[in-house]
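The values are calculated or read from the model by the stated rules, or taken from the named source; none is laboratory data. This is a predicted model, so every value here is computed, not measured. Backbone-built Cβ (ideal geometry, glycine too); neighbour counts: all protein chains shown.
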Amino acid sequence: MSISLIQLTDPAGQRVVATFDGNGDARLVAGATTTYALALEAIDAGASLAEIVGRHGLGETVDVEAASASGRVLSPIDHPDPAHLLLTGTGLTHLGSADGRDKMHKAAAAGQATDSMRMFLMGVENGKPAAGETGVAPEWFYKGDGSSLIAPGAPLPSPAFAADAGEEPEIAGIYVNGPDGAPYRVGFAIGNEFSDHVTERQNYLWLAHSKLRPASLGGELLVGELPADVRGTSRIERDGKVLWEKPFASGEQNMSHAIANLEHHHFKYSLFRRPGDVHVHFFGTATLSVSDGIVTRDGDVFVIQAEPFRLTLRNPVSFDTTFASPVVTRAL
């Protein structure tokens, strides 16, 4: 059974959780204040999250659009201690995703495949292994902890030293580790895996630097299976007008890796199976405005929407100019 969960604050500032009922109306989940607490309750009870929501029952209706307009819709998952939420991701996982990357990393020798293209082809060949088998590992990167997760509607800050501030429309898997460290998939959300593509383009070994940026998730958490074919639109608005717009596709039908393979190669590290931790893991994309020569400016708005998610993710970009000087360490 698929349901959606939305974290928000009520007009009094109290945290609540809502879900859509059978009529498509958003209603409060009785007694629920966080998705994280509901997930822990489901793990402890050995029940599905949908069953736990059913046990809680539904309360009054909520105007999600009004809450979104007033900045009261929160990220669909968080952790009481932001250090125990990890933002990570994988790249070169979608059919066609190597094209833009390959152009950026073209080898000097004519006809020589880049590392990006080789990794992509490895995924095409063995990214969807048979049941019980292990497929090839994808590209993997770290983005930050819970302090780097920006609420829907809030500005995505680009640091003063950044060379670019570019969107990446993606699906993210949301996970909570149980008391024994076993990872449980809570659901999926649309997201903007914000990155610095110009820094990456200068040298592929700077990919790790280019990914150390904030990210944002749409306000809706889809609990249940992700459709095999997810279709959406990514656009950039400037001064109230559409500057750039392009469709994007995700879901396993459009990927070179199975989601289970991406999950295995993330959680195979015991570091990521720490009890109680939350993981937000981005699955990659094949659609980037930077591939079409777009250079973003302060105040540009990223807009990402996709079925079956009902809520649109909007974030303006904000260029931070307060940190331009070298960091000076102090000896003790």
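Go through segment 188-209 residue by residue and tally those that are of a type in the set (D, E, K, R) and not in a helix (DSSP H, G or I).
2
Can you find even one residue in segment 166-187 that is buried (at least 24 other Cβ atoms within 10 Å of the Cβ), part of a loop (DSSP other than H, G, I, E, B) and either in the same structural domain as PRO214 (by TED's automatic domain parsing) or hydrophobic (A, V, I, L, M, F, W, C) (or both)?
yes
Filter segment 58-97 down to residues that are of a type in the set (Gly, Ala, Ser) and within 18 Å of LEU222 (Cα to Cα) and give me whichever is surrounded by the fewest Cβ atoms within 10 Å (Cβ to Cβ).
Residue satisfying both the conditions and the ranking: SER68.
What tally of residues in segment 269-323 results from selecting those that are polar (S, T, N, Q), surrounded by 21 or more Cβ atoms within 10 Å (Cβ to Cβ) and in a loop (DSSP other than H, G, I, E, B)?
Of the residues in that region, 3 qualify.
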